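Quick notes on the structure that follows.
Just so it is clear, none of the values below were taken in a lab; they were calculated from the coordinates. It should be emphasised that the depicted structure is a prediction, and the values quoted were computed from it without experimental measurement. FYI the Cβ positions are ideal-geometry reconstructions off the backbone, even for glycines, and counts take in every protein chain you see.
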Amino acid sequence: MNRFGIKIVSAATVIFAVAVIPLLGGCSKKQTEGKRVDAVRLFSESARLIRLYIDSLSSATDSATLLDLDARFSNRLTDLNFQFPSETDLDISEGENDTLTNLTIKYVALRDSLLYGFAHPQAKPDSITTDSISN
């Protein structure tokens, strides 16, 4: 301390503060940018996968095929999420999250609708829908 009560800082401490502390901040920014890149990749791959399985569900001809597709979708989505570092999904933007939510709702609605249709088949009419006498 000098005579004014101010603590004198060594030159090494000043050099450390000027040189190292900005580098630490730079590292965290790169990590954040890297997380965002991973989040965009996770979003893109998830959206592509959901769309792919929505198309596949549309062509299912029976409940066994539909349930098999649903199980494979669940496994593929789980495998996809494990390809990225933990908490990558937290860096997905709000708009991207809304897109994934809407695609998932569309997937579930289609799956449930098809399952209901397979469980409750509609009898096809055996007659025409117009009055044949007036024709």
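Quick notes
- Placing R0 at 35 angstrom, the Cβ-Cβ distance between Asn97 and Thr130 gives a FRET efficiency of 0.10 after rounding to 0.05.
- Computed over neighbours whose Cβ is under 13 Å from that of Leu115, the net charge equals -3, Lys and Arg +1, Asp and Glu -1.
- Projected label distance in nm at Leu67 and Ile105, using a 7 Å step from Cα toward the beta-carbon: 2.8 nm
- Taking the C-alpha atoms of the range 37-119, convex hull volume expressed per residue in Å³: 76 Å³
- Positive minus negative residues near Leu77 (Lys, Arg vs Asp, Glu; Cβ under 12 Å): -1
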